[in-house]
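The values are calculated or read from the model by the stated rules, or taken from the named source; none is laboratory data. Here the structure is a predicted model, which is why all the values come from computation and not from measurement. Because the Cβ atoms are built from the backbone with ideal geometry, glycine has one as well, and the counts that use them run over all protein chains shown.
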Amino acid sequence: MKAIKTLLAILLTFFLFGYQSDFKKNNDKNAWQSLFNGKDLSHWIVKIKGYKIGVNAHNTFRVENGLLKVSYANYDSFNNQFGHIFYKKPFKSYILQLEYRFVGRQVKGGPSWGNRNNGIMIFSQAPESMAINQDYPVSVEFQLLGGLADGKTRPTGNVCTPGTNIVMKDSLVTTHCINSSSKTYFGNQWVKAEVEVHSDSLIIQRINGKEVIRYSKPQIGGRFNTFKNRVGEILKSGYIALQSESSPTEFKNIKIKELKK
C-alpha cells in the first residue's frame with residue numbers, strides 16, 4: 001500500500017509540473033517582451049534618407065546610459081535627413097508601450113514644425129522596400145509632440161498618415177494629421193505612450209494611461225504615398241519604427257505584448 005501511495009504521489013507531481021509548464025507556455029504567448037535591451041541596437045534596422053538601409057549616418061540612433069537616443073551631435077545641419085529605426089519584424093495585433101522625452105535643442109536646419117516633434121510608426125512598410133531618398137515609410141504615425149516656449153496648446157499622441165488614410169466614426173479621414181485629446185507636455189519630463197492594435201479593426205492610442213484617440217481601417221493613400229497602384233488597400237499588419245525628425249529625443253522601456261487572435 002505504501003508503495004502504491006508513493007507511486008501515486010510521483011505521478012501527481014509529474015502531472016502538476018506538466019500542467020504548470022503548459023500553463024506557462026500558453027501565458028508566455030501573451031507576455032510582455034522587451035524590444036530594446038538597453039545595451040545596443042540589436043534587432044533594429046536603420047534607414048535614413050539619402051543612405052542605404054543599415055547605414056546609421058552621423059550615429060543618429062545610439063544607445064547611451066541604457067536609453068535609445070535620437071541624437072544630432074554629429075550633424076552640421078539637418079538637411080532633410082529624415083530617419084527611422086525599425087524593429088526587425090512586423091506585428092499584427094499587439095499593445096506597444098514606451099516612454100519618451102525631448103532633450104536639448106532642435107538641430108540647425110530642421111523644419112519649424114519639427115521642433116520637439118517625433119513619432120512612432122505603425123503599420124509601416126518594410127525598411128528594405130523604401131527608396132533611398134524617401135522621407136517617410138508608408139505607415140501610420142503615433143505623433144509625439146512637446147510643448148513650446150510660446151506656451152500654446154500642443155497635444156501629443158496625435159495620428160498622422162504618411163502614405164495612408166484612416167477611418168474614424170465610420171468615415172474615411174484624409175486629413176494628414178488629427179489632434180488627440182491629450183494635454184500639452186512641456187519640459188523634458190518622461191511621457192508614457194501606448195498603442196493598442198487589433199489588426200485593422202481598432203487602434204487605440206494612449207498617453208500616460210489615458211485614451212486620447214481611436215481609429216480603424218488604416219489603408220494606403222493620401223500624402224507621401226509611394227504605392228500608387230495600391231490605393232485603398234487595407235493594412236492589417238506592419239513594422240514598428242521610431243523617427244528622427246530633427247529634435248533630440250530619448251526612449252526607454254520599449255516593450256510589446258502580442259495579442260492572441
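Is it the case, given these coordinates, that residue 43 is surrounded by 18 or more Cβ atoms within 10 Å (Cβ to Cβ) and modelled with pLDDT of 95 or more?
On the way: surrounded by 18 or more Cβ atoms within 10 Å (Cβ to Cβ): no; modelled with pLDDT of 95 or more: yes.
Judged against the criteria, residue 43 is not a match.
Pairs needed: first member in the range 196-211, without any contact (Cβ under 8 Å) to a residue 24 or more places away in the chain and outside the structural domain of residue 160 (by TED's automatic domain parsing); second member anywhere, β-branched (Val, Ile, Thr) and surrounded by 15 or more Cβ atoms within 10 Å (Cβ to Cβ); C-beta distance under 7 Å; at least 6 residues apart or different chains.
none
Residues that are in the same structural domain as residue 69 (by TED's automatic domain parsing), out of contact with any strand residue (DSSP E or B) (no Cβ under 7 Å at 6 or more places or on another chain) and over 24 Å from residue 88 (Cα atoms): does the range 228-244 have at least one? It would help to see each step written out before you state the result.
Let us first name the residues in the range 228-244 that are in the same structural domain as residue 69 (by TED's automatic domain parsing), namely 228-244.
When the remaining residues are screened for being out of contact with any strand residue (DSSP E or B) (no Cβ under 7 Å at 6 or more places or on another chain), the result is 228-229, 236.
Retained after the next criterion (residues that are over 24 Å from residue 88 (Cα atoms)): 228-229.
Scanning the range 228-244 turns up at least one residue that is in the same structural domain as residue 69 (by TED's automatic domain parsing), out of contact with any strand residue (DSSP E or B) (no Cβ under 7 Å at 6 or more places or on another chain) and over 24 Å from residue 88 (Cα atoms).
Evaluate the range 237-246: report whether one residue or more is more than 23 Å from residue 48 (Cβ to Cβ) and not polar (S, T, N, Q).
Here is the first cut: in the range 237-246, the ones more than 23 Å from residue 48 (Cβ to Cβ) are 237.
Right, trim to not polar (S, T, N, Q) and you get none.
No.
Report, ordered by the first and then the second residue, all pairs with beta carbons closer than 8 Å, sequence separation of six or more or different chains, a first member in the range 180-193 that is farther than 15 Å from residue 149 by Cα, and a second member that is of a type in the set (Phe, Trp, Tyr).
Qualifying pairs under 8 Å: 190/100; 191/100; 191/185; 193/100; 193/142.
Among the residues of the range 116-136, count how many are under 10 Å from residue 241 (Cα atoms) and free of Cβ contacts under 8 Å to residues at least 12 places away in the same chain.
Residues that pass the stated criteria total 0.
Among the residues of the range 69-81, how many are under 19 Å from residue 130 (Cβ atoms), part of a loop (DSSP other than H, G, I, E, B) and in contact with a strand residue (DSSP E or B) (Cβ under 7 Å, 6 or more places away or on another chain)?
Counting residues in the range 69-81 that are under 19 Å from residue 130 (Cβ atoms), part of a loop (DSSP other than H, G, I, E, B) and in contact with a strand residue (DSSP E or B) (Cβ under 7 Å, 6 or more places away or on another chain) gives 1.
Tally up the residues in the range 155-190 that are assigned to a strand (DSSP E or B) and surrounded by fewer than 18 Cβ atoms within 10 Å (Cβ to Cβ), please. Step through it out loud before you land on a result.
Of the range 155-190, the ones assigned to a strand (DSSP E or B) are 158-160, 164-168, 171-173, 177-178.
Restricting the remaining residues to those that are surrounded by fewer than 18 Cβ atoms within 10 Å (Cβ to Cβ) gives 167-168, 171-173, 177-178.
Residues flagged as assigned to a strand (DSSP E or B) and surrounded by fewer than 18 Cβ atoms within 10 Å (Cβ to Cβ) within the range 155-190 amount to 7.
Taking the condition under 16 Å from the mean Cα position of the chain (by Cα) and either exposed (fewer than 15 other Cβ atoms within 10 Å of the Cβ) or acidic (Asp, Glu) (or both), does residue 258 pass? Step through it out loud before you land on a result.
Numbers: under 16 Å from the mean Cα position of the chain (by Cα): yes; either exposed (fewer than 15 other Cβ atoms within 10 Å of the Cβ) or acidic (Asp, Glu) (or both): yes.
Here the answer is yes, as residue 258 does meet what is asked.
From 171, 93, which residue is free of Cβ contacts under 8 Å to residues at least 24 places away in the same chain and farther than 23 Å from residue 63 by Cα?
Working: 93 fails: free of Cβ contacts under 8 Å to residues at least 24 places away in the same chain.
The match here is 171.
Identify all residues within the range 124-140 that are more than 18 Å from residue 44 (Cβ to Cβ) and either surrounded by 12 or more Cβ atoms within 10 Å (Cβ to Cβ) or among the hydrophobic types (A, V, I, L, M, F, W, C) (or both); write none if there are none.
In the first step, residues of the range 124-140 are kept if they are more than 18 Å from residue 44 (Cβ to Cβ); the result is 131-135, 138, 140.
Result: 131, 132, 134, 135, 138, 140.
I'd like the full set of residues that are loosely packed, with under 15 Cβ neighbours inside 10 Å and hydroxyl-bearing (Ser, Thr, Tyr), limited to the range 65-109.
If the condition is that a residue be loosely packed, with under 15 Cβ neighbours inside 10 Å and hydroxyl-bearing (Ser, Thr, Tyr), then 77 is the only one that fits.
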